[in-house]
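Peer 1: Let me give you the structure first, and then I'll get to my questions.
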Amino acid sequence: MAQDIKSIIKFGTTRVILKEAKDVFLSKDKKLAIKKEAGEKDSSWYDNSFEKYDHWKLHYSLSQYYFLWTVILDRIVRAEVDSILEIGCGPGQLACLIRDKGVKLYHGFDFSSKRIAQAKKACGEFTFSQEDAFKTDLFTTYDYSAVICTEFLEHVEGDIELLSRIKSGAKFYGTVPNFPYESHVRHFKKESDVFARYQQCFQDLRIDAFLANDRGKTFYLLEGRII
């Protein structure tokens, strides 16, 4: 009997150890897969992503980014920003919050047709258009005093080029992450890394870190005036 119990314990312990080892290796494999496949994606990838996940259609207060958006809007309201151009506006969740905070003049653009269709449906009071950030003429034809660019710069190779397209003197509010993802070109380990990459584009760049969960997931908020 005692021998049977020992065998059961040994077998159970072995299974636990093997499971933990498997989890570790799967985790490593997943990370390697993300690293291997990571890179800039085309508009169809973002169309498919929109169709795949329901959270893009939720009210902004239910978004995982809501805690960060409220900080951005608080700063925009205090700065008395009167006209906004949003780069990579997605399905219009942030635009709805901007509208509800009293901003009247806004134009959002994104190269995903399905996200733009949702944005127009969700926030009909504002103007949205399907545009390529590197080809659009909105940076020179639309009269904006501030640009919002959340979770966009890490998705494109030409992030510095994009910032150079924004008119001089415009206020900028944007975010970048500290974690990898399949559509990320880059991510940042700490605030100083963000500052080192982008300080050349701003007169007065400010970087703040916002912890998103207890596992260290962090977003860095950039605020400054474009040179």
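The values are calculated or read from the model by the stated rules, or taken from the named source; none is laboratory data. As the structure is a prediction and not an experimental result, all values here were calculated from the model. Positions of Cβ are generated from backbone atoms using ideal geometry, with glycine treated the same way; all protein chains shown enter the neighbour counts.
Peer 1: Does the range 149-168 include one or more residues that are touching a His at 6+ places or on another chain (Cβ under 8 Å) and either in a helix (DSSP H, G or I) or not acidic (Asp, Glu) (or both)?
Peer 2: The initial filter retains those residues of the range 149-168 that are touching a His at 6+ places or on another chain (Cβ under 8 Å), namely 154-155.
Now narrow it down to the ones that are either in a helix (DSSP H, G or I) or not acidic (Asp, Glu) (or both): 154-155.
Scanning the range 149-168, I find at least one residue that is touching a His at 6+ places or on another chain (Cβ under 8 Å) and either in a helix (DSSP H, G or I) or not acidic (Asp, Glu) (or both), so the answer is yes.
Peer 1: Let me ask another. Suppose we filter GLY174, GLY158 for residues that are of a type outside the set (A, V, I, L, M), in the same structural domain as GLY102 (by TED's automatic domain parsing) and either surrounded by fewer than 16 Cβ atoms within 10 Å (Cβ to Cβ) or touching a Phe, Trp or Tyr at 6+ places or on another chain (Cβ under 6 Å) (or both); which single one remains?
Peer 2: On the way: GLY174 fails: either surrounded by fewer than 16 Cβ atoms within 10 Å (Cβ to Cβ) or touching a Phe, Trp or Tyr at 6+ places or on another chain (Cβ under 6 Å) (or both).
Of GLY174, GLY158, the one residue that is of a type outside the set (A, V, I, L, M), in the same structural domain as GLY102 (by TED's automatic domain parsing) and either surrounded by fewer than 16 Cβ atoms within 10 Å (Cβ to Cβ) or touching a Phe, Trp or Tyr at 6+ places or on another chain (Cβ under 6 Å) (or both) is GLY158.
Condition check ((1) under 14 Å from TYR60 (Cβ atoms); (2) surrounded by 22 or more Cβ atoms within 10 Å (Cβ to Cβ); (3) assigned by TED's automatic domain parsing to the domain that holds LEU58; (4) not β-branched (Val, Ile, Thr)) across all residues:
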| site | (1), (2), (3), (4) |
| --- | --- |
| LEU94 | yes, yes, yes, yes |
| GLY102 | no, no, yes, yes |
| ALA119 | yes, yes, yes, yes |
| THR140 | no, no, yes, no |
| ILE148 | yes, yes, yes, no |
| LEU153 | no, yes, yes, yes |
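Peer 1: Of the residues SER192, SER168, which single one is without any contact (Cβ under 8 Å) to a residue 60 or more places away in the chain, surrounded by fewer than 18 Cβ atoms within 10 Å (Cβ to Cβ) and over 25 Å from ARG78 (Cα atoms)? Before the answer, list the steps.
Peer 2: Numbers: SER168 fails: over 25 Å from ARG78 (Cα atoms).
After applying the criteria, what remains is SER192.
Peer 1: Shifting gears a bit: Scan the range 172-180 and give yes if some residue there is part of a strand (DSSP E or B), over 19 Å from the mean Cα position of the chain (by Cα) and under 19 Å from GLY88 (Cβ atoms), otherwise no. Please lay out each step first, then the result.
Peer 2: In the first step, residues of the range 172-180 are kept if they are part of a strand (DSSP E or B); the result is 172-177.
Checking which are over 19 Å from the mean Cα position of the chain (by Cα) leaves us with none.
No, because not a single residue in the range 172-180 is part of a strand (DSSP E or B), over 19 Å from the mean Cα position of the chain (by Cα) and under 19 Å from GLY88 (Cβ atoms).
Peer 1: Looking for whichever is modelled with pLDDT of 95 or more and under 26 Å from SER83 (Cα atoms) here; the options are GLU154, GLU182. Which one fits? Break it down stepwise before answering.
Peer 2: Working: GLU182 fails: under 26 Å from SER83 (Cα atoms).
Being modelled with pLDDT of 95 or more and under 26 Å from SER83 (Cα atoms) holds for just one of GLU154, GLU182, which is GLU154.
Peer 1: Now, a different point. (1) more than 19 Å from TYR65 (Cα to Cα); (2) without any contact (Cβ under 8 Å) to a residue 40 or more places away in the chain; (3) surrounded by 14 or more Cβ atoms within 10 Å (Cβ to Cβ); (4) of a type outside the set (D, E, K, R): which one isn't true of PHE134, the others all being true?
Peer 2: (3)
Peer 1: Examine the range 198-211 for a residue that is under 26 Å from TYR46 (Cβ atoms) and under 16 Å from the mean Cα position of the chain (by Cα), and state whether such a residue exists.
Peer 2: Of the range 198-211, the ones under 26 Å from TYR46 (Cβ atoms) are 198, 201, 210.
Imposing the further condition that a residue be under 16 Å from the mean Cα position of the chain (by Cα) reduces the set to 210.
Yes, some residue in the range 198-211 is under 26 Å from TYR46 (Cβ atoms) and under 16 Å from the mean Cα position of the chain (by Cα).
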